[in-house]
Amino acid sequence: MTTPEPKPGGNAGMSSEYLEIRGLSVSFDGFKAVSDVDLTVLQGDLRFLIGPNGAGKTTLIDAITGLVPATGSAQKTGVELLGKKVHQIARLGIGRTFQTASVFEQLSVLQNLDIAAGAGRSARTMLRRRKSVLPAIEEVLEITGLGDLRDKPAGVLAHGQKQWLEIGMLLVQNASVLLLDEPVAGMSAEEREETGNLLRRIGGARIVVVVEHDMDFMRAFASSVTVLAGGKVLSEGTVEQVQADPKVQQVYLGTAAAIGTALADPATVKESV
Ligand SMILES: Nc1ncnc2c1ncn2[C@@H]1O[C@H](COP(=O)(O)OP(=O)(O)OP(=O)(O)O)[C@@H](O)[C@H]1O
Ligand SMILES: [Mg+2]
């Protein structure tokens with residue numbers, strides 16, 4: 001282990017980055033999709049953000065990444081994000097994925113990573129063909145397990161592999177905050193397991209927020225959980241604490257007995273709300 005460099009803004013020797021959201025609200029034509037949300041996520045935490053359809057999970061990520069206007073505050077290690085433009089926020093190390101994968105299907109895995117790594121470089125440099133693979137890209141190919149597929153067009157990748165490529169694209173951009181919107185939706189059990197392990201591998205040095213409906217996946221990999229409902233934070237804590245919270249049980253199915261089933265079966269959760 002190397003000793004971390006002191007960071008501007010404090011935390012010398014602690015190497016701790018954090019995402020701190022305070023009183024964040026988003027309104028669409030007077031409808032409050034996100035309402036006065038407080039959320040703190042520390043480096044190394046693997047935070048799951050759960051909640052019924054329409055709870056405001058995606059809108060919260062959209063607000064943090066500058067896609068929708070919001071009031072309140074969202075800071076990364078003391079740096080305010082709200083009010084900045086999408087590309088400025090991305091350059092501050094905030095990366096996100098979307099509910100549907102957005103890789104360049106005709107380009108190879110390597111080209112996708114190269115483009116991501118080049119975000120911020122001039123068009124001229126971008127167009128110049130690289131003779132060798134950047135060490136950062138080699139590292140990401142290794143960590144995502146996509147090394148053998150580097151020359152395959154992204155379009156032929158399996159669903160899970162596309163999600164890993166998207167996560168890889170955030171890693172080569174040096175994103176230190178990863179906001180992942182339903183990364184395991186549509187994945188096989190094996191792909192989910194591999195995704196969880198990938199998130200563990202990359203999560204230690206980063207701030208990771210995973211929006212998910214898959215409760216088995218959450219139970220297996222979450223280090224902490226925040227539950228959103230109706231745009232507000234309903235509950236927060238460990239998986240056990242959140243599952244035992246009567247308010248959470250109520251919002252999912254209405255009875256304590258039913259929550260066991262709902263939280264065990266993501267399909268039930270999605271349909272029941
Ligand atoms: N651009 C928009 N204009 C108007 N209303 C919107 C807009 N985007 C989202 N909403 C509304 O805001 C609320 C929160 O939506 P959001 O997509 O954030 O929920 P979610 O928790 O991500 O749900 P899901 O689990 O289904 O993805 C919903 O009522 C939705 O209809
Ligand atoms: Mg959503």
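Run the accessible area of segment 97-247 with a 1.4 Å probe and give the carbon-and-sulfur part as a rounded percent.
Percent of accessible area from carbon and sulfur atoms in segment 97-247: 51.
To the nearest 0.05, what FRET efficiency results for Glu80 and Asp38 with a Förster distance of 22 Å applied to their C-beta separation?
That pair, Glu80 with Asp38, gives E of 0.90.
Please state the relative contact order of segment 143-242 as a whole percent: Cα pairs under 8 Å, 6+ residues apart?
That works out to 22 percent.
Quick check: pseudo-label points 7 Å beyond the Cα along Cα→Cβ at Glu20 and Gln250, how many nm apart are they?
So the label points at Glu20 and Gln250 sit 3.1 nm apart.
Quote the charge dipole size of segment 59-190 about the Cα centre in Debye, to the nearest 20; the model charges only the Cβ of Lys and Arg (+1) and of Asp and Glu (-1).
760 debye
Rounded to two decimals, what is Rg over Rh for segment 158-206 when you use alpha-carbon atoms and the Kirkwood radius?
On the Cα set of segment 158-206, Rg over Rh gives 0.94.
Once label points are set 7 Å from the Cα along Cα→Cβ at both Phe31 and Glu193, what is their separation, rounded to one decimal in nm?
4.1 nm
Could you pull the Rg and Dmax for segment 41-102, using just the Cα atoms, both in Å?
Cα only, segment 41-102: 12.1, 31 Å (Rg, Dmax).
FRET efficiency for Ser224 and Ser132, Cβ-Cβ distance as r, R0 = 35 Å, nearest 0.05?
For R0 = 35 Å, the calculated efficiency reads 0.30.
What whole number of Å gives the distance from the Cα centroid of segment 183-208 to the Cα centroid of segment 56-115?
Spelled out, the Cα-based centre of one part sits 18 Å from the other.
Could you do me a favour and compute the accessible area per residue for segment 76-221, 1.4 Å probe, result in Å²?
Averaged over the residues of segment 76-221, the accessible area is 49 Å².
How many nm separate the modelled label positions at His87 and Glu139, each set 7 Å beyond the Cα in the direction of the Cβ?
2.5 nm
The values are calculated or read from the model by the stated rules, or taken from the named source; none is laboratory data. Nothing here was measured: the structure is a model prediction, and the numbers come from that model. Cβ atoms come from the backbone with ideal geometry, glycine included; neighbour counts cover every protein chain shown. The area values use the complete protein model at the heavy-atom level, side chains included, leaving out ligands, DNA and RNA. Shrake-Rupley method; radii C 1.70, N 1.55, O 1.52, S 1.80 Å.
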